[in-house]
Each structure stands twice: as structure tokens, then as C-alpha cells.
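These notes concern the structure reproduced below.
The values are calculated or read from the model by the stated rules, or taken from the named source; none is laboratory data. Note that the structure is predicted; figures quoted are calculated from it, not measured. Here the Cβ positions follow ideal geometry from the backbone for every residue, glycine too, while neighbour counts run over all protein chains shown. Side chains included, ligands, DNA and RNA excluded: accessible areas come from the protein's heavy atoms. Shrake-Rupley method; radii C 1.70, N 1.55, O 1.52, S 1.80 Å.
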Amino acid sequence: MIRNQSQKIELLGQAPVRRALLAMGLPTMIGMVIMALYNLADAYFVAGLGTGPMGAISVLFPLSQIVVGVALLFGTGAASFIARLLGRDDATHANQVASTALYGAMATGVLVIILTMFGMTNVLRLCGATDGIMPYAVTYTAIYLPFAIFGIFNVTMNNIATSEGATRVSMLGMMAGAIANIILDPILIYWADMGIAGAAIATAIGMMMSSAIYLHYIFSRKSIFTFRIRDCRFNRENMVEILKIGVPTLVTNVLTATSVTLTNRAAAPFGDVAIAAMGTAMRILAIGALMVFGFIKGFQPIAGFSYGARNFDRLRDVTRTAIWWTTTFCAVIGAILIALRTPIMAQFAAGNMEMMNIGRTALTAHSAALVTFGFYTVCSCLFLALGRARAGLFLGICRQGICLIPAIIIMPTIWGLNGVLYAQPVADVIASIIAAVMTLRLQRDIRAMRDGAAQKKL
């Protein structure tokens, strides 16, 4: 076990940059691909039930983002701090942070789930549920919410495991739940004739399968951390470090939920079919986005470890490589989706030409703007990895908040449905320009720190 732990530390701090990025990023990318395929499979099987159920899973997305945001509040905040602590060779403190984050996330998650259950209908209406969508949304949510605590556990553990270099565990955790979901969807929805309830039950079972993987990892003692309640330290230092990174991530998730809600509400005047089409296009685009997020999960601990160890040359190299790889990847994925937009949308439209046309336009616009996504995401995550909370918060809320919310409010009033479809791509381009300016300033700061460290050695 000690040898395994030293290998994880060596990968974070000493392995060649490209090998480290591949070793850390590929497993989480694979896991995210399976997650994206699950999202598509879910949409594909639910599509056969009609636009009402399709609209329901689109409406549920903002709510699921808020629930996941609770886990990210603790998980990403802890992961950033843990990576920097391991870079300083302080494993004892890192263990305390990991335990604090896990139990803090679970306690907060239970509270959020209970409060949401009591106001379920009002929450779904706020998320954009129309009268035609509401019955299906209530059915799905009533099953999903009680089991969401497993999702909170999974997301928190995913971030903590990645921070210590255990990306294979993260991959297996994501894959187990997604594969179970893909298998169970057609069985429960159609064979058992459970409809939208079957989709919700499949999701719940998938989350429990993922939790089983992470629990095995904990109890088999393969982790650097012990995750004992007695190791929790809800002291000022730990909570400040966790929350200063976790809060920007939570805010970003809340803004993502808000932007999707506003998009659903803006699309509502054009019918349930518009909401279903936009939701389907977003799930298709999630393949590329989730793969980038998976890769960035591998990039973040390397960047944080390098910064904590004051290895600024390694930090520069890993950042440049991550930007180049993700931008190239997004450009290729965007081009493929544009080229295949018609046959792809045909799989989910179930012969509905109106949904087909709206989804195809949305897919084209968003795929064209996808080329900026890799660069923006690397820059945004870099600030959080280095513990720069204020800049990370600003950049985190930039794409889905500062840029998108005004666009989704103003553009539909000028351009109708096309304003809804093109609001996100416009926001993406503006946010990427802002990210470029901020990252150039950060590079100057890091260069000054590197020069100062070199002078001290002399």
C-alpha cells in the first residue's frame, strides 16, 4: 500500500508532463464518456415516451445541478487543498481535509434533499416545467431525490480520489453507475412498462452501483486517506480553504442551473417540443464537454501539486499542454457534430420534424462555439487549482452567469427562437476572451514568483 501511495505522489510531482496528464486524465475521460453515453441513452429511451417525458428530464437538469453542486462545494474545494498539501508533503493534514469534506458534503446533502422534497412542485415550476411536462417531472423527481444522497457521495469521492492520483477508481465509479443505467433503462421503461418512473429507478440504481465502488475503495484501504469521522476537523483553516474554492464551484453550478432554467423558460413560448429539442442537443454536446471535464480532473491535481511544491516550470508546461490538447479535441468534436447533426438528431426526434429542425440548429450553433470550451475550462480550473478563489469565482460565473444570463434574457426578445438557440454560443465566445486576458495576467504573476524563488536560491 505504501508503494502504491508513493507511486501516486510521483505521478503528481515528478512524472513527465504528458505521461502524467494521460495517466491522470484518460481514466476520468473514459468515465465521463460513459456518463455522457448514459445521458444520451436516457434521452434516447425516454424519447419514445413523447415530448412530455423528454421535457421532464430536461427540466430536471437544473435541479440535479444544484444537488451535485453540494458535493462539488466540498469535493472540489477539498481536492484543490489536498493537492497543494500533498505537494508540501503534509499527508496528515490532507487526510483530515478529505474526511472533513466527505462528511460535510453528506450532512449538507441530506438537508438540501429534505428541503427540496417539501417544495418539489414549486421547484420544478421554477425550473421551467409546463403543465404538460409537470406530471412526468414530479414522477421522476419523487424517485430521484431520495437517492440523490448517493450521487452527492459519489461526486465528493470522485474529486477526493482524483486529488490523490486514484483516477482509475474515479473512472470505475462513473462507469459502474452509467453502465447499470444504460442496461436498466430499456428494461424498466419498456419491458416492465414503468415509463418515466423506470428511467428514474434506473438512475437511482446506477448511483448506488457507483457508491459501491467508492465504498470498496475506502474499506479496502487502498486510499491514502482513512475517511474516519474522528479525523474530521471543521476548523477555520480547513473550512476557509475548502469553501474558498468550493463556493465558486457551487456558484458556477447554480448559475448553470439558472441558465438552463432561463433557457427552458425562454423556449417555453415555442412549445414543449422546443424544450425537448434544446435538452436533447445539450445532452449530445455533453459528450465533448464531459470528456473535457474528465481530462481537467486529471490536470487540476497536477497543477495544484506543482504550485504547492513551487515547481513553476512544471506548472507552465502542464497548463500549456492541457490548453493545446483540449482546444484541438473540442475543434474536432465540434466539426464531427456539425457534419453529422441531421442523422444524430433523427435518433431522438422520433419523427417529429419540428423537434428535428430546432435541435439541428441548436446543435450546429453550440458545436461551432465548442472550440472555445477547452481553453476556457482549463483557464477557469487553473485559478481554482492554485487556490485563487476570487479570480476563480469570477471566471467560473463568467460563462454561465455574467455572459449567458443577459444573452438569454435579451436575445429572444430580438431574435425569437433563434435568440434562445444562439445565446450560449455568444456567451461562450465572450467568456473565452475574458479568460484569455485573466490568464495572461496570472502567467505574469507566476513568472514573477518563479524569478523570486530563483533569486532566493542564489
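Provide 125, 18, 390, 88 ordered by accessible surface of protein heavy atoms (probe 1.4 Å), highest first. Each step should come with its number before you reach the end.
On the way: 125 100, 18 155, 390 220, 88 130 Å².
The most accessible residue leads, giving 390, 18, 88, 125.
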Rounded tilt (10° steps) of 196-219 against the dominant C-alpha axis of the chain: 10
Cα centre as origin, Lys/Arg/Asp/Glu Cβ charges: the chain dipole, Debye: 1700
Debye intensity ratio in log₁₀ form over the Cα atoms of the stretch 291-372, taken at each q of 0.12, 0.13, 0.22 Å⁻¹: -0.51, -0.56, -0.94
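For the stretch 146-204, what does the accessible surface come to per residue with a 1.4 Å probe? Please give it in Å². Walk me through the numbers on the way to the answer.
Working: 1900 Å² over 59 residues.
Dividing the accessible area of the stretch 146-204 by its residue count gives 32 Å².
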The stretch 337-453 - charge dipole about Cα centre, Lys and Arg +1 at Cβ, Asp and Glu -1, debye rounded to 20: 360
Principal-axis tilt of helix 17-47 within the chain, Cα atoms, nearest 10 degrees: 20
Degrees separating the helix 2-13 axis from the principal Cα axis of the chain, which is the longest one: 80
Volume in Å³ per residue [convex hull over Cα atoms, computed for the chain]: 129
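Beta carbons within 10 angstrom, averaged per residue: use that to sort the peptides 374-387, 66-79, 210-223, highest first. Intermediate values should be presented prior to the final figure.
Values: 374-387: 25.3, 66-79: 27.4, 210-223: 17.0.
The most tightly packed comes first, giving 66-79, 374-387, 210-223.
Would you mind getting the accessible area per residue of the stretch 15-131, heavy atoms of the protein chains only, 1.4 Å probe, in Å²? Each step should come with its number before you reach the end.
Details: 4090 Å² over 117 residues.
Computed with neighbouring chains in place, this is 35 Å² per residue.
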Dipole of the chain, positive direction: furthest Cα of 61, 223, 126, with charges on the beta-carbon: 223
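Quick one: length gained pulling residue 179 to residue 237 fully straight, 0.36 nm per residue minus the C-alpha distance?
Working: separation 58, 0.36 × 58 = 20.88 nm, distance 3.95 nm.
Here the segment from residue 179 to residue 237 would lengthen by 16.9 nm.
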Carbon and sulfur %, accessible surface of the chain computed with the full protein complex present, 1.4 Å: 67
Charged-residue dipole, Cβ positions (Lys, Arg, Asp, Glu), the stretch 243-351 about Cα centre, Debye nearest 20: 280
